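Written below as structure tokens is the structure these notes are about.
Bear in mind these aren't lab numbers, they're just calculated from the coordinates by the rules spelled out. Fair warning: this is a prediction, and the values are worked out from it, not measured in the lab. Every residue, glycine among them, receives a Cβ derived from its backbone with ideal geometry; neighbour counts consider all protein chains shown.
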Amino acid sequence: MKYKQISQLIQHFEQFETEMQTESMHEFAAWLVQKTGKSRHFGEEMENFETQIPENKWTMNGQIGALLGRMGRFARFYTKKAFENLAIHSAEEFGLLMGIKELGKPSKSELMAMTLTEMTTGVEMLRRLCKAGLVEEMTDEKDKRTKRICLTAEGNKMIWLALQNMAQVGNMSFDMLSTSEKTSLLAILSKLNGTHTQMYRQNKEKNWEEITQNLEKNEI
């Protein structure tokens, strides 16, 4: 019996590879759950969803964008509540601290590029974090004109405290999903993140017209 299951698994992977044009095992796992699990019916319903939308309503892409935006607002609300008693007050400030921790001693431009933060906004947040004693500036050893950012001992402690609260935010946001649903969602979001990270790097200096022209040419 186990050899029959292995044969079926191989057949599924061949179908996945043909449909998705990728060999990613992570994406295959999510695809397999949707194909063979309880979520299959949901997928079948969604195939016809766009044809059911009235002409005066958004397209499916618009609906997805709106719902993702709404989830982002929920996440900011939960995070703001979770950080009420901490020296940081937003997910964006937490993101800067995590970015500094990951990069080590980044310059401001390196940090803003990694965290997708506008320079003006990011500099203002760094000023608040410096005032709170969580980060500090230092002169680059090789280039005296460049300032680098590093975490203080209090900054490292704050990350540890904030991560505990963020874990609770994650539980509040996603615990209603099953393991298979989380697996599918993680695969989808990972794929979107990879694609849009590349798009962002290629197009951050271009205007909207140039970006959309590249999209139409499939150059993004």
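Each part reduced to its alpha carbon centroid, region 184-220 and region 81-124 end up 23 Å apart.
When a/c is below 1.5 the answer is rounded, else prolate if a/b is larger than b/c, else oblate, so apply that to region 112-220 with a ≥ b ≥ c taken from the square roots of the Cα gyration tensor eigenvalues. Mind dumping the intermediate values first?
On the way: a/c = 2.83, a/b = 1.14, b/c = 2.49.
Verdict is oblate for region 112-220.
The GluC sites (Glu not before Pro) of region 117-220 meeting both criteria, a DSSP state outside H, G, I, E and B (loop) and at most 12 other C-beta atoms within 10 angstrom of the site's C-beta, are GLU118, GLU141, GLU205, GLU219.
The distance between label points at THR18 and LEU189 comes to 3.3 nm (points 7 Å beyond Cα on the Cα→Cβ vector).
Express the relative contact order of region 72-174 as a whole percentage, based on alpha carbon pairs under 8 Å and six or more residues apart in sequence. Show your work: numbers first, answer last.
Numbers: 105 pairs, mean separation 31.1, N = 103.
With pairs under 8 Å counted, the relative contact order is 30 percent.
Inter-label distance, THR179 to GLU84: 3.5 nm, where each label sits 7 Å from its Cα along the C-beta direction. The count of lysine pairs in region 72-174 that are at least 8 places apart or cross chains, and whose C-alpha atoms lie under 21 Å apart, stands at 18. In this rough spin-label picture, where each label sits 7 Å from Cα along the Cβ direction, the SER107-SER7 distance is 6.1 nm. Is the shape of region 72-174 rounded, prolate or oblate, going by the alpha carbon gyration tensor and its root eigenvalues a ≥ b ≥ c, with a/c under 1.5 for rounded and a/b larger than b/c for prolate? Judged from the Cα gyration tensor, region 72-174 comes out prolate (a/c at least 1.5, a/b above b/c).
A simple charge model with +1 on the Cβ of Lys and Arg, -1 on the Cβ of Asp and Glu and nothing else charged puts the dipole of region 72-174 at about 120 debye relative to its Cα centre. Potential lengthening of the chain between GLU124 and MET199 amounts to 24.4 nm, from the contour at 0.36 nm per residue minus the alpha-carbon distance.
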